[in-house]
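Peer 1: Here it is, the structure, as structure tokens.
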Amino acid sequence: MDQLFLQYGMGVYAILFLVIFAETGLVVTPFLPGDSLLFAAGIFSNSKNGNVWIMLGTLTLAPLLGDTVNYHVGKYLGPRIFKSETNKWLNKKHLESTHAFFEKHGPKAIIIARWVPIVRTFAPFVAGMGTMEYKRFFGYSVLGAFIWVWGCVGAGYFLGGIPIVKERFEVAIIIIILVTGAPVLFEMIRGYMKHRKQAAADALTAPAEASQD
């Protein structure tokens, strides 16, 4: 991260802002590394080139703006996309699972979703697509953004003060990516296994249905 700062200067904050904004604001980019990036930003904030207050301000604003954009896109385009069976840009299974997440947790899903990769990208979209009033949504979004950003950046800042982490910054980032990326990998594997199980079940029932015809 220090090398990035030497190359881009204050532009590093803009880069971090854009990545977090894209992960929360663009429903087609749920794969971006939000958690690990926030931890890395916190570690960087404890370096000689970092400023934790600028980092916290920048990265708190990013998901708030991202949520607002995502909410309004979901409000105006969501119902049409949700009904479409041929949309190539969005994973409808992710939309459906996020919708079920909302059904289970209600409005507080906006806060809880901050800690669930993929779901946090689709949550504002689904909120806009539903009947949730924007003022109410924004209140939960603000609270969720502060808890998520300040929690992750704060944890990274604390880790950045540990000598071994400073000396092995790249290793620390790899470990963080592996830990925070584990839920995404687990979800992908579970989805793949579920798809294979369903395909096997369909293959077994197809001959029976054919013989009845």
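Peer 1: Filter the stretch 33-57 down to the residues that are outside any helix (DSSP H, G or I) and surrounded by fewer than 17 Cβ atoms within 10 Å (Cβ to Cβ), then identify the one that is nearest to the chain's Cα centre (by Cα).
Peer 2: Asn51
Peer 1: In the stretch 69-84, is there at least one residue being basic (Lys, Arg), modelled with pLDDT under 90 and out of contact with any helix residue (DSSP H, G or I) (no Cβ under 7 Å at 6 or more places or on another chain)?
Peer 2: yes
Peer 1: Considering only residues that are open to solvent by 10 Å² or more (accessible area, probe 1.4 Å) and of a type in the set (Ser, Thr, Tyr), which ones fall in the stretch 115-161?
Peer 2: Residues satisfying the conditions are Thr131, Tyr134, Tyr140, Tyr157.
Peer 1: Answer with yes or no whether Ile15 is within 19 Å of Val153 (Cβ to Cβ), modelled with pLDDT under 90 and aliphatic (A, V, I, L, M).
Peer 2: For Ile15, the condition - within 19 Å of Val153 (Cβ to Cβ), modelled with pLDDT under 90 and aliphatic (A, V, I, L, M) - is met.
The values are calculated or read from the model by the stated rules, or taken from the named source; none is laboratory data. These numbers were taken from a predicted model, which means no experiment stands behind them. Ideal geometry is used to build each Cβ from the backbone, glycine not excepted, and the neighbour counts take in all protein chains shown. Note: accessible area is taken over every heavy atom of the protein model, side chains too, but ligands, DNA and RNA are not part of it. Shrake-Rupley method; radii C 1.70, N 1.55, O 1.52, S 1.80 Å.
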